[in-house]
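Okay, so here's the structure we're looking at.
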Amino acid sequence: MAGLHIKNMISSREAAVTDTKVARWAACDPAVQDQARRAFLQALSSPHPNVSHTSAQVLAAYGAVDIPAKRFPQLIPTLVQGINDANTPEQMRKSALECIGYMAETLSSDEVAPEEVDQILSPLIGGMQTTNSNTIRLAATEALKHTVDLANANFEREPEREMIMASIKTSATACDDAKVRQEAYECLTYVCELYYALLSNHIMDIFQYSTAAIKQDDDEVGLKAIEFWLQVCEEEVDR
């Protein structure tokens, strides 16, 4: 409850109210700000799912304000380190991935440095691999879905684009959790919306595995696969 209250101290559905709250936070004593950030990060490591999940929301809300202003430079490296460390408890890894996703959903590409996007993408792609639990794979796939909008420079570079597309395919086709497969197709639809012109080399491959999903997978997964092709149609009509 304290975490939700703290989150609401800096966020609002009304832009003018948010601006006022952000200005109040920026005017706080830097020592108080640092103490708060340390508390947020400490709560992220809580073994209690509700606490660590709420901390992910709090960190994302304050990180979305502080990262563009260069006031919280240690946040992304700390999250990445926690995700990549094999000794990190799964609950904390999950919450760190959630935090990245929430934050990426709020930030725009001109607010995040290219090297920060690179730092974010690496653990997301790693988290989607088959060596991880479905819990981690789901959190990583969801986070990537919210991050693709920031990754325009990465999609322009073929090796990185290939890596991202391969990780999405892995989540869509090589996971026994339907929720992971659903998120993978949602992610694929976002990619289509943003980078359709770069997908020509992938369309036949996507056609093969998405058609299989439509015919054979759970209805919810098949519907998400159909949504990808609806997006393709919209892109073609626009052209």
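The values are calculated or read from the model by the stated rules, or taken from the named source; none is laboratory data. These figures come from a predicted structure and were not determined experimentally. Reconstructed Cβ throughout: ideal geometry from the backbone, glycine too, with neighbour counts over all protein chains shown. Surface accessibility is based on the protein's heavy atoms, side chains included, excluding ligands, DNA and RNA. Shrake-Rupley method; radii C 1.70, N 1.55, O 1.52, S 1.80 Å.
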_Rh (Kirkwood; distinct C-alpha pairs) - the chain, Å_ = 18.7 Å
*In square nanometres and to one decimal, what's the mean projected area of the convex hull around the Cα atoms of the stretch 127-198?*
4.2 nm²
*C-alpha center-to-center spacing [the stretch 14-49, the stretch 137-176] in angstrom*: 30 Å
*Over the chain, average the accessible area per residue using a 1.4 Å probe and give it in Å², no decimals.*
51 Å²
*Sum -39500 (n - 2.57) across every DSSP H segment of at least 4 residues in the chain, then divide by the residue count to get the 222 nm mean residue ellipticity, nearest 500.*
-24000 deg cm²/dmol
*asked:* For residue 233, what accessible surface area do you get with a 1.4 Å probe? Give it in Å², rounded to 10.
replied: 80 Å²
*Measuring from label point to label point, each 7 Å out along Cα→Cβ, what is the residue 50 to residue 26 span in nm?*
3.5 nm
*With +1 on each Lys and Arg Cβ and -1 on each Asp and Glu Cβ, how big is the dipole of the chain about its Cα centre, in debye rounded to the nearest 20?*
880 debye
*Charged-residue dipole, Cβ positions (Lys, Arg, Asp, Glu), the stretch 174-228 about Cα centre, Debye nearest 20*: 200 debye
_Given points 7 Å out from each Cα along the Cα-Cβ axis, report the residue 211 to residue 74 separation in nanometres with one decimal._
5.4 nm
*Give, in nm to one decimal, the length gained when the segment between residue 36 and residue 160 is fully stretched (0.36 nm per residue of separation minus the Cα-Cα distance).*
41.1 nm
*Net dipole in debye of the stretch 136-239 [+1 Lys, Arg Cβ; -1 Asp, Glu Cβ; about Cα centre; nearest 20]*: 240 debye
*For residue 198 and residue 129, what does the FRET efficiency come to when R0 = 25 Å and r is the distance between their Cβ atoms, rounded to the nearest 0.05?*
0.65
*Over 21 Å between Cα atoms, which of 179/224; 94/179; 94/215; 94/224; 7/94; 94/145 qualify?*
94/215; 94/224
